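Colleague: Input: one structure, supplied below.
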Amino acid sequence: MNFKIPLFDLNYGKEEEDQILKTIRSKWISMGQNVKQLEDDFAKHLNIDHAVALTNGTVSLHLALKVLEVGEGDEVIVPSLTFVATVDAVRYVGATPVFADVTSFEDFSIDPEDIENKVTSNTKAIIAMHYAGFACNMDDIMRIAKKHDLFVIEDAAHAPDSEYKERKLGAIGDIGCFSFFSNKNMSCGEGGMLTTSKNEYAKRVKILRSHGMISISEKRDESCTPQYDISELGYNYRMDDIRGALARIQLTKLKDDTKKREELRNFYLENLSSIENIIIPYRYFQYRSSNHIIPIVLKNCDAKKRDRIRHYLAENGIQTNVHYPAVHRFSLYNKYKSYLPKTEYIADCEITLPLFYNLTKDEIKHISLKIGDVLNETG
């Protein structure tokens, strides 16, 4: 279906084209100087010691758990209202995911109170996913982690420019994980970043991303292959220099992109606030957010009604999505019994509306009008 208003569109221009061409002409397209510069720039952006570029956000979660020595017999408390990769990474290392509910219909963040209730003697880590770029309650999460001697991994895939009390997300827990997938605020098709202030974590991630090599050279002027040793079983999780070049340009646009998204979100709030049968999460959120997506929740709803409304919007040229199906309901994960009533209602009744840099205010008016129309008809 061709949508007049897509869910997302790239914020790309001539800068990305020029940087790609420059990289190709350099004849160095595997991991190189673009990746190194991206890592330096991203670490500076977060005011953190280390940023390690990786193949995608999923492997950043995988390596985060690996370097924290999470494995068989360990439990990791995770949200269910997230993309499945957040939980898959726990299974990659052989650990057990323990699902926690969201805070409320207005705040989709993992609930600190439910985290505390789920802690056992086997719990080793918490993954805090910053939904839509809105920060979890990191004070309470870090307090719980300290109390029970747990690691905290921030899944900041939605949040490359978000903050919590003037600290960048991804720089608060033990490790931060970012995604540069094609629909993210910083996009290079595929790509990710792991951030940390711990030298030992960064050092080991760099070894693991390159097959477990202790020594590797990116210099082109060496006359022979450098000597190296394999210290442990590693992976090919490196980012290439073409994607590094794209991500570098996207990072320079991030501040302006966040400002524009904030303006568009505020205009959405103006136009949606008079519609009685919806909840707008994070309406009164007080910290800086990347505003990766804009979700709404339908009142007095079920999945069938939600899908009918999405179909109506599609017929009117408006693309929407659902963020997310509840992970604990998937066939792979329903053996991990979980009672998550708020998560399940949101998974059945949430609609994600279009939000991207070049979205216009007239388009937001049209979207809001059509939502009001269909809800007036259906109740």
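The values are calculated or read from the model by the stated rules, or taken from the named source; none is laboratory data. Computed from a predicted model, the values in this text were never measured in an experiment. Cβ sites come from the backbone with ideal geometry, for glycine too, and all protein chains shown count toward neighbours.
Colleague: Of the numbered conditions (1) surrounded by 19 or more Cβ atoms within 10 Å (Cβ to Cβ); (2) assigned to a helix (DSSP H, G or I); (3) over 21 Å from the mean Cα position of the chain (by Cα), Ala347 fails exactly one; give the number of that condition.
Modeller: For Ala347, the exception is condition (3).
Colleague: Among the residues that make up region 53-74, is at least one of them assigned to a strand (DSSP E or B) and buried (at least 21 other Cβ atoms within 10 Å of the Cβ)?
Modeller: Of all residues in region 53-74, those assigned to a strand (DSSP E or B) come to 53-54.
If we keep only those that are buried (at least 21 other Cβ atoms within 10 Å of the Cβ) as well, we get 53-54.
Checking region 53-74: at least one residue is assigned to a strand (DSSP E or B) and buried (at least 21 other Cβ atoms within 10 Å of the Cβ).
Colleague: Separate question: Is it fair to say Leu313 is in contact (Cβ under 8 Å) with a residue 40 or more places away in the chain, outside any loop (DSSP other than H, G, I, E, B) and either acidic (Asp, Glu) or at negative phi (or both)?
Modeller: On the way: in contact (Cβ under 8 Å) with a residue 40 or more places away in the chain: yes; outside any loop (DSSP other than H, G, I, E, B): yes; either acidic (Asp, Glu) or at negative phi (or both): yes.
Answer is yes for this residue.
Colleague: Which of the residues spanning region 350-370 are touching a helix residue (DSSP H, G or I) at 6+ places or on another chain (Cβ under 7 Å) and either assigned to a loop (DSSP other than H, G, I, E, B) or buried (at least 17 other Cβ atoms within 10 Å of the Cβ) (or both)?
Modeller: So the first thing to find is which residues in region 350-370 are touching a helix residue (DSSP H, G or I) at 6+ places or on another chain (Cβ under 7 Å), and the list is 351, 353-355, 357, 359, 361, 364-365, 368, 370.
The answer is Ile351, Leu353, Pro354, Leu355, Tyr357, Leu359, Ile364, Ser368, Lys370.
Colleague: Can you tell me which of Lys118, Lys44, Lys66, Lys22 is touching a strand residue (DSSP E or B) at 6+ places or on another chain (Cβ under 9 Å), basic (Lys, Arg), touching a residue at least 24 places away in the same chain (Cβ under 8 Å) and assigned by TED's automatic domain parsing to the domain that holds Asn199?
Modeller: On the way: Lys44 fails: touching a residue at least 24 places away in the same chain (Cβ under 8 Å); Lys66 fails: touching a strand residue (DSSP E or B) at 6+ places or on another chain (Cβ under 9 Å); Lys22 fails: touching a strand residue (DSSP E or B) at 6+ places or on another chain (Cβ under 9 Å).
Selected residue: Lys118, the only one of Lys118, Lys44, Lys66, Lys22 that is touching a strand residue (DSSP E or B) at 6+ places or on another chain (Cβ under 9 Å), basic (Lys, Arg), touching a residue at least 24 places away in the same chain (Cβ under 8 Å) and assigned by TED's automatic domain parsing to the domain that holds Asn199.
Colleague: Can you tell me which residue in region 281-315 is nearest to Tyr131 (Cα to Cα), limited to those that are surrounded by fewer than 18 Cβ atoms within 10 Å (Cβ to Cβ) and of a type in the set (A, V, I, L, M, F, W, C)?
Modeller: Phe285
Colleague: Within region 316-328, is even one residue surrounded by fewer than 17 Cβ atoms within 10 Å (Cβ to Cβ), touching a residue at least 60 places away in the same chain (Cβ under 8 Å) and closer than 24 Å to Val87 by Cα?
Modeller: Yes, the conditions are met somewhere in region 316-328.
Colleague: Determine whether Phe108 is in contact with a Ser or Thr (Cβ under 9 Å, 6 or more places away or on another chain), assigned to a loop (DSSP other than H, G, I, E, B), buried (at least 21 other Cβ atoms within 10 Å of the Cβ) and among the aromatic types (Phe, Trp, Tyr).
Modeller: Values: in contact with a Ser or Thr (Cβ under 9 Å, 6 or more places away or on another chain): yes; assigned to a loop (DSSP other than H, G, I, E, B): yes; buried (at least 21 other Cβ atoms within 10 Å of the Cβ): yes; among the aromatic types (Phe, Trp, Tyr): yes.
Criteria met by Phe108.
Colleague: Another question, then. Scan region 285-326 residue by residue and report those that are of a type outside the set (A, V, I, L, M, F, W, C), within 19 Å of Leu369 (Cα to Cα) and under 20 Å from the mean Cα position of the chain (by Cα).
Modeller: Step one: list which residues in region 285-326 are of a type outside the set (A, V, I, L, M, F, W, C), which gives 286-292, 295, 299-300, 302, 304-308, 310-312, 315-317, 319-321, 323-325.
Then keep just the ones that are within 19 Å of Leu369 (Cα to Cα); that gives 295, 299, 305-308, 310-312, 315-317, 319-321.
Hits for region 285-326 are Pro295, Thr320, Asn321.
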